[in-house]
Structure formats: structure tokens, C-alpha cells
1. Is it the case, given these coordinates, that B:Asp737 is away from chain A (no Cβ under 11 Å), surrounded by fewer than 24 Cβ atoms within 10 Å (Cβ to Cβ) and not in a strand (DSSP E or B)?
2. Tally up the residues in segment B:34-88 that are in a helix (DSSP H, G or I), within 13 Å of chain A (Cβ to nearest Cβ) and either among the hydrophobic types (A, V, I, L, M, F, W, C) or in contact (Cβ under 8 Å) with a residue 60 or more places away in the chain (or both), please.
3. In segment A:120-134, which residues are farther than 24 Å from A:Asp21 by Cβ and either at pLDDT 95 or above or at the interface with chain B (Cβ under 8 Å from one of its Cβ atoms) (or both)?
4. Please determine whether any residue of segment B:168-186 is touching a residue at least 12 places away in the same chain (Cβ under 8 Å) and either under 30 Å from B:Glu21 (Cα atoms) or among the β-branched types (Val, Ile, Thr) (or both).
5. Go through segment B:279-307 and count every residue that is closer than 23 Å to B:His234 by Cα and of a type in the set (A, V, I, L, M).
6. In segment B:662-687, which residue that is among the hydrophobic types (A, V, I, L, M, F, W, C) and within 20 Å of B:Val726 (Cα to Cα) is nearest to the other protein chains (Cβ to nearest Cβ)?
7. Kindly indicate whether any position in segment B:159-170 is surrounded by fewer than 17 Cβ atoms within 10 Å (Cβ to Cβ), more than 30 Å from B:Glu370 (Cβ to Cβ) and hydroxyl-bearing (Ser, Thr, Tyr).
Amino acid sequence: MEKRIIPLKNTAPKFLVLAGDGINCERETAAAFLHAGGAAEIVHINRLLGNPALLASFDGLALPGGFSFGDELGSGQLLGLKIRHALGDVFRDFVAAKKPVIGICNGFQVLVRLGLLPFPFEDRAAALAKNDHGQFMNKWAALDTVPDSICKWTAGLPAQFSLPVRHGEGRIVLKQGAEEEIYLKLRDAGQIPLRYAQDINGSYRRIAALCDPSGLVLGMMPHPEAFAFQATAADRAENPLAKGDGILLFENILRHITGAEQPQTEKETRHAG
Amino acid sequence: MSAAAKLRFEIEDFSAPQKAEILPFYLVESEDADEEALRRAAAEIFADPLIEQLYDSAVDTDFYSDADYIAEVSFRPGVTDNAAHSAEEAFALLGVTARVASGRLYLLRGIKTREEAEALAADRFANPLIEKIDVFTGEEFTERRRFENIALPHVVLQGAPHVETVSLEIPDAALEALSKERCLALTLDEMHHIRDHYRSKNIKDSRTKSGLPHDPTDVEIEIIAQSWSEHCKHKIFAAKIDYCGEDGKTETIDSLYKTYIKGATRAIEKRRGIDWLISVFSDNAGVVRFDGKIDLAIKAETHNSPSALDPYGGALTGILGVNRDILGCGLGARPVANTDVFCFAPPDLPSAAGEENMPARLKEPKRIFEGVHKGVEDGGNKSGIPTVNGAMFFDRDYAGKPLVFCGTIGVLPHHLPDGRASAEKQARAGDRIFMAGGAIGADGIHGATFSSLALDENAPATAVQIGDPLTQKRLADFLLEARDKGLYSSVTDNGAGGLSSSVGEMAREAGGAEIELAHCPVKYPGLQPWELMVSESQERMTFAVPSENAAEFFALAKLHGVTATDIGAYNDSGFFSARHDGKLCAELDLDFLHDSLPQMQLSAVHRGDKPRAPWTADAELPDPRVETGADAAFLRNALLTLLAAPNIASKEKWVRRYDHEVQAATHIKPFTGKDDNSGPSDSGIIWLAPHGGGESAAAAIGCGLAPRLSLSDPYLMAQYAVDEAVRNVVAAGGDPDMCCLLDNFCWPDPVKSAAVPDGDEKLGQLVETCKGLYDICTAYGAPLVSGKDSMKNDYRGRDRAGRDITISILPTLLVTAMARADIRHTLRSDFRDVGDFIYLLGVPQAGLKSSEFAQHFKTESGLPPMDMQQNLALYRAYHMACSNNVMASGHDVSEGGLLVALAESMIGGGLGAEIALPETGIPVLDFLFGEAAGRFVVSVPPQHRAVFEDHFQGLTPLLLGRVTKEKTLRLTAAAPWGTGEMKLAEMEESWKNGLSL
């Protein structure tokens, strides 16, 4: 089959990368979309509040990592509250329009508190609580890619790869009393795209990421934007300017939007790295 | 004030693996919402229903029923309460105007008595200086009806704002008393100088014309005191010093700063003809150009006195403060990396015998450690700035004052979008003065003058503050956007001295300034005009905004959720003036304020070894020659002892709580190696491409300090500090010929007086240190680009038994190095492949004095000498070898010496080594444990061996052995030492668990 070329420049899918109120990974998140061939614009949340219709002009949305509202009263709690009250409708429309959304670390916590994950607009089923060891930690974690996940961001990722985790509240907790029931539902629906290879924070069944039933809304604790290049790998790399595994998620979603196919050769080179 | 509704909420996290021991609680009052409305909003704000239970008067509670005691901790009035501020914002989002206060409940189990519970709470859970602790039994807790009797802390300030006149026409004793009572930290000579200024006819005439009294106002006296504080003016470094060296030779030094600090940089600049120093010694930070597109700003600060009183708040405000130095450098730099170095008393202090000797009112060393660490964690993480490099150094003489060094590196584009050079700023007459960020409170009053005094048990609690990272992050985002839009012409941070320093300094750019103090936003009413002027309330910056940009500047601040207030205008009057409610209350001649202070005259002497002051007993050390034999078993024992020593042991579990990768540009992280990445890195390397620099451009950041050497040879101490810092950056790939340095001096009071009888000797140590610093900087061609000094690091007060005690810190110079690097040619410390050859680079030297080994074992070995020219030649060759990717690993040899460096490279690589000590003529213990400067352990792939040896021709690389697959260190030394084996696992165990609290 003939391969389609990913459109560049003006026609590249454009992501809104949210900023402000203590979010702090907006620049590297926007850069990751650019390196992957997309477009991105960093938009302060209060600017969006002033013009909520702006959101609909974007092809996708990213809620980056950080310490929104200083993580006071629970991470993501107050940014989630602010979005729900001021932007709830436009977020709902955005997701209903099948546009992709990613929440990374604090952004994941916000998506969960907003009720967009794992079951949008239904009763809350999951929460992110304090790590079982009680501390913030910055370390690289090996991740297992769940092969039959429906997530559009993680499709075709290497079976195992590593990303940095940097959080104090990343332990997935499922609704008390119904954990296993919810877990099986999520698992069987392919809504658990990534797991930690080892338990690092007490997360239920080592869940590292969750997506919604459409596979378009992804929340994950590890930071893919922090591994766009080998230059920021945990260990030495042969070619630091070569791309890192984190960029693959961004390439995936851009391909999904444009309808391009995944180049076959790439998978093998990734394993070699 | 009558609130319509007052409620208390308590939150239990029921998802935690263990039953909750700490519960946050909130007191909420609102004048316009009723209880139901508050309760509805609170349910959304305070708890995540999936993991948390919210208790209030409507929900039955018995979560504390199994606790023996409940400790309730709440902030004292006026202390920054970040959780409460966030909650207030949340209520506002939901349309409810509310005041909130936060607190914590600790459920204490297994505690027998109330006294025990109170002591535990004061030690572990709260700082009585800023927090209130109430301890209850379960029964008392139920009976107090806490959901009904709700009182939020309120600051109540007595008296209406007014300006006082302060007469200086009083006897000398009264002048000195005035200085002490007002915490002015002015000497009698300085008071006389001020008095004489006010006596002059010109000034009297000018004041009459302005309608001011002839005597100074309290606002003026406070401005002068802050501006002339040791903290702001560095009077000791500027002093004229009569010096007598160890050899009896005398000389007069006209300013240590001009002669040895600035002098070194100017000499290097001239000799080397370097063109990459963009801004040095003139701004908040040094600025260098290592890249074709961006410049780097670098600065390190200390926050010692605040950290002694409130370790968490002191360190947090320290890191946020140095971030603002970078934000206020030039027209504003983006902070891209933090560094932190702590000097603490060992965590096992006090020993049972020394308990009574500890300073009264200061916390235990391990609590200071925990608090400072947490402050740096929150300060860096919540600001989104990676902490990439640091160190911890332990010595008992830091028991009276911990040293907390916070550094930041920032990025500036060469030019802003409007074409202005971003390192240059210029406030102009007519520009509006905007203060942006936090509001002013009584917190942080007299920080500058307080830190210019010795610490005693009556130190003011207002000098203690808690930082607010969220407010500062918003301020930083706003500042960088305003910068790129060209909205302001100058900026600086409000640090020590508050507005008096920031506006006072910027007034020099324009030629004058006038502010209206009553326009300043305040945390609560009732502050006096002088308090508004000198308060050091955090997270504030001062801008000069051309009036045509004022509206846009204000609107942008509002968008970012930042409070910005127009408080006056710059002018060209030659005066710094202030009004309160329209009435003039200060008018200070700028020349008098900034340039008239008479040079201090001091005398200094150096007599060689200056032993420690014996404020507590020393333990007797074992002598290796007597206690055990000279055999392989002793070497094993010594290595494991050193690996577990707090100065050497891994800091990983502490450092991993700092985010070191945010901004996605950290190329070499604090820990490196295979699998669990737990080998130590010699320096942090920041990749500059994500920050706008060249594709493979990078900067290596490292540090060095050697305070124990101060006791015997402060000249050498400076050189060891510089050499270690430079060696650390070179080890990872930094270019020794593109390397700049920062100097941070922390000294015990070096001014001789009745209270400090050996002040001249401490100043002598300072002179020697400056000489050593000058000599090595010029020898290495590494310019000093910024620095800071903190000169009153003594505890002078009572010990726990109520006796007078003085504890002076070890004279300490921290050197931070930043060198250009290239991510394609960097090197890590861990051994990489089995079969690689292991070499020692650098000439081994005899000498164990002051080493870590000498802290654990008795030795009479002397100090190892320093050969600067040889070191520099080695660093250049090393850098060339790095650029050609010849070596597989490189690690600097520092604390603990060669054997520790080998162990660390093994731990990082998860590999073993077979080492046979070559015959060098140096005693085996000195060879293995000496800390002589200028050395690396490297590993070299067999196929690169010849080219490696070519690179180091004439520098005699010493082959030690090879990397092995078997996870042991097999070490062979000449008789009687023999051959011994140490398992990697036991080394790792000692190293990783050595530093536990």
C-alpha cells in the first residue's frame, strides 16, 4: 500500500497546550508535538477562560505536568475544579467531537478529577492518591505496553520501554469495594495502555496510564515529553540527537489524525535502541 | 466582623495503605454565604470522594478514638498559609467569598504522657516559632466542640500608621542602643556618619524646603540601615585591611573584593582576551556566552539564618529568592536549573554526652536536614525548575548555623524580539514603578539586618517566612511574557531590604525615584510606613514600566493572576523619596545612600593552624597501625566505613525527591549508570537546545568545597574548592577553557570585638582564602562571574543547659563551576564494559590530613600539595580525550580518595574491578584514601588504549587494573597489605544506607 506523507506546516494538526496556574511542562510538551511533525500553541488557561470557543479551533488538547495550584488540597484538584466550572462545556464538546486529549502527570490527575477518565461523564471510578511510600520521586520506570489496548496514542509502541516518572501522587486507586470489577472492565475494554514493569508507587495492578473508551483521551503518570531525544535518556546513548521513545506517542496521535500509516521499519529500529 | 457562616472541615485519606496519622483541616468563614452553601462548595474543594472522607459538624467522627493524644498544629497569625490561599481561590471560583485557615491534626499512638506528646509535636511536626501546637487527649478533643468554636487567626496591629522622627543628636551609648533596639545593625561610626550628613547645611535647607524635619525620619533610618547592612553592602569584603601573614610580612589590602575577586576576573579577561563575559559583578547574576544564540546567567545565594530558625521556610524562600535573582537579571532570564549545597551538623548529633551543649531553641541537626531538604524539594519542584547538582557536607561546627546554598542558572536570548540586548537594563525618568507578585506583611522585616548579626536565642520570628511557589510561578510566567513583549525597561527582585533596596537600586539607573507607600498591596492593614518600605515579604519584583505600556503591563499581569501595583515613578531628582498618603516621609540623596559609606578599617592576622573551638567533646579515633594490622582486612573495613560516612554515602533517596528532569533538558542527571541508575554524577549537564541554544550545546554544572582545610591552610582550602568544582565539570565533559566560577563565602564573624576576640584571625583566614582563590582562578584562567558572602555565621547564646556558648562555623568557601559542554562528548562516572582498562589520571600525592579518612582513623600524614599548572594541563588533555570519545567512563577522585571513587564507578556500572597497586613510593593508605586534587579514575576500552595513552603523553596515566564481570573489588597491594576481596553488594549496602536519619 502506498504510504501517505504526513502534512507539514499549515496543515499539521494543531494542539492546544494548556499553561498557567502552576503548570510547568508546557514548553517541552509543545516542543514534543513540533518534533513529531505537528503544531502546538501554548495557551494560558485564563486566556481560554476569556474565549472558551478558542478550544474548538484546535485538533487536540494537552494538559501538561506541573504543580497546578501548588498541589494544595490534592494534585489536580483545583485546576480540575476551575476547568469544570469555567470550561466544562467546551471540554465536553471537544471530547464528544472525537478530538484527542492527553493529560500527563498533573494533567492526568486533572483529567481524572474532571471525570473525563476513565469513563467520561459517568460516576468517578478512579483516583490518583499519594504514592504508597509517601514521597515525591524522580526516577526512570520501565513500562509494559499492553498489546491489545484501544489507545490511539500508544498503539504500536515497543513492548517495553522506559520513561521518567516525577510525582508524589501517582498511585491509581479504583473505587473502593468495586476495584476488581472496574479493573476487569477497564482491562477487557483495552483502557489500560501502560503498566509499570515493577511496582513503583502502589498503583492498582501497576497501572501507569488510562484511556477512555474511545482510545483518544489518554492520561499517564510517566513523562513522554521528557524523552523526545536520546539526549535526555537516563543512561548514555550512542547518538544523543536521535529520537527517544517518548516522541512515539506524539507521532502516533498525529498519524491517527492525518490518517497516515505507521512506517514499518521504525518498530525494529526502536527495539535496537 | 460577624461572619454569616463559620465551619471547620477535617479530611481523612482512607485510601492510604496504613491508617492515616495526619489529617489536614480547614477553618472557613464567609460573610455572604450560609452554612449550606459553604458546605456544598467545601465538598467540591477539599476532598476527592474516591479517596478522602470529609468531616464537619454534620458528620459523626471518631477517627481519633485509638489515638493517645491528638496534636493540632495551626499557623500563627500572619504566617503564609499556601493551602488556605489556594482554598480561598477555589471558593472564589465557585462564587463564594471566604477566608480560610489551614492546619494539621497528628494522631499520636503509643505515647504515655502529655509532656511526651508535646515534645514530640514540637520536635517533629511543627515549628513553634511560626506554628501553634495544641495537644489533646481523645476525650478533650471531643469535649472542645471544635466544630462550633471556630477562630481563624487574625493579625491585629495596634495604632494608626505614622512617621516618627529619630533624633541622632544623642550620646554614643544611646546611638548604640538605638541601633540594637531597632535591629539596624549599624556601627557607631556609621551612626556618626549619618548624623553628620543630617547636620550639613545643604541637607537642612533642602529638608526645610521639602517640609521634612531636620532629623531623619524612621523611614529614612530604616532605608539607610538596610542599604548599608553587611548583607547588602558587603562592608567586610570592601574594607581596608592591615594584614600580617604567617611569615610576619605585613601589607595593606584595599578591599578583598576589588583585589582578589574582581581583580582575578579582570586579570584573566585581559590576559586571555576572552570575550564571553557579558555581564559580571554589576547585576543580580553573572552572565556568560557559551552559545551563538543564548546567554547563561548564574548565581548562588545563602539562606543560613532563616534556615536555622525555620529550616523548611528558610530553604524554600532561599531557593525562590535566588530564582528571582535570575528572573531579575538583565531584562529577565528564564530559570532552567537549580543547585543546592547544604552544610549541616552530622545527623547523629547530639551524642548522648553532648546533648547539653547543643544550642537552645535550634532544632536537632536531623530535623534541620529534613526541613531544609523539604524546602528545596517544594521550591524547585513547584516552580518547575530541575535541581541538577548539589552536595551535602557534614561537620559538627555547623550545629549553630546550617549553611544552605541555593543556586540557579538562567537562560537569556542574546536579543529580545524588539532588538534590545537582554542583558542590559535601564530604568528611565518618567517610567512608572510597578511592584508585582505578593503583598506586603510584617513577615520578613529586618531580614537583611538580622542576617548581618550573630544568631542568638532571641532572634526575631518575623525574620522567618514561608515561600509561596505558586505566586512566584505565576509571576515568573508573567515576567517572561512581558519581557518578550517589551513592556518594561528594567526589573529587579525584592530581596533583602524589600522596596528600600529594589527601588533604591533602580533609582540609580534613572537618577531618582518617588513612591507612595500607601498604594502598596498589603496582607493586612496597620503596617507602619517604614515596615512597608523594608518588609521582605516574598515573591515580589519591581519593574520600571514606560507609562505608555502601563495599561498593557497591568492587563497582562491580571491575565496571569498576578497582582501588579503602580506605586510611583522614576525621576531625575537625585533623591529616593517616599510618601505615605501623600505626605512626604523620606527623601534621601542617592549619592549619600549608595556611595558615601566610609570604608571599614580592619586588621587581620594569620598564624597558621587554628584549631577548632572545643564547644563539645571529640571522640577518640582508632589508630589503624595499632588497633588492627596493616592488612587487606583493614582496607576493607576502612572502605566500608568511608562509604557509609555521611559525607560520602549516597544522597540518592534525598535527591530523587527533587525533580531533576523537568523542562526536558537534563542530559546528565544526579545519578547515572545501568539498570537502577544509582551511581553518582560528578556534575549536572543541561542540554541547551531545548532552551534555544545550538543543537548539541550544553552546560556542565559542578561544585566544590573543602571547609575542613580552613583550620590548617585556608589558602589551600580555596584552591581545593576551585579545583574540585572545575574537576567535576571537566570529568563529565566540560571545557576547562570555557569555564566560569561563582564564589560563595560563609564565614564566622571576622571583625575583632569584645564578643569576637579572635576576629582578626578569622579575617586572616579570609585573606588567605582570597589569595588562594585569586591564584588558582588566574592559573586556571577561570573567571569569577558572581558571588556572595555571608559573614556572621555564629551562634552566640545559650546552650540547652542554659550556659553561654558560641559556635562558629568552619570558614567555608563554596565554588560553583559552569563550563561549556557538548552532549555528543560527555562522560559518565560508571564503569561500562568488562575488560576495560582502569587508569588513575593525575599525580598521586602523600597526605591524609583533613581527609575523610582522618575523621575516622588516627593519622599523622600531612596535607597533600597542589600543582595548579599540572592540573590544568591534565584537564585540557582530558577534555581533548573526551571530545574524541576515547574513554568509557570518567569519575573525579574526591572525598574518600581513590578507593571510594573506584567503588562508586563499580556501583554505577554494576561491575567489578581487579586492581593491582603500582609502586609509586607513596604510602598505601595515602594512595588509597588521600584526597589530593587533580585526579580522575577513568576506564578505557581495550581498542582505545593506545590512542588514550597518546592523549596523556607526559601526564603519566597510571594503569590500575581492569573492569571485571565478577561483582567484586579484588585489590592487591605490596606487603604487608596483600590481596583482598570486597563484594560489590556490601559496598553498595554501606554506601546506599550510610546516610539515614
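The values are calculated or read from the model by the stated rules, or taken from the named source; none is laboratory data. Here the structure is a predicted model, which means the values were calculated and not measured. Positions of Cβ are backbone-derived with ideal geometry, glycine not excepted, and every protein chain shown enters the neighbour counts.
1. yes
2. Number satisfying all stated conditions: 11.
3. Answer for segment A:120-134, where residues must be farther than 24 Å from A:Asp21 by Cβ and either at pLDDT 95 or above or at the interface with chain B (Cβ under 8 Å from one of its Cβ atoms) (or both): A:Ala125, A:Asp132.
4. no
5. Counting residues in segment B:279-307 that are closer than 23 Å to B:His234 by Cα and of a type in the set (A, V, I, L, M) gives 6.
6. B:Trp687
7. Yes, that holds for at least one residue.
Each row is one residue, and each column tells you yes or no for (1) in contact (Cβ under 8 Å) with a residue 40 or more places away in the chain; (2) over 30 Å from B:Ala732 (Cβ atoms); (3) buried (at least 24 other Cβ atoms within 10 Å of the Cβ).
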position	(1), (2), (3)
B:Asn793	yes, yes, yes
B:Arg796	yes, yes, no
B:Ala801	yes, yes, no
B:Leu810	yes, no, yes
B:Ala819	yes, no, yes
B:Ile823	yes, no, yes
B:Arg832	yes, no, no
B:Tyr839	yes, no, no
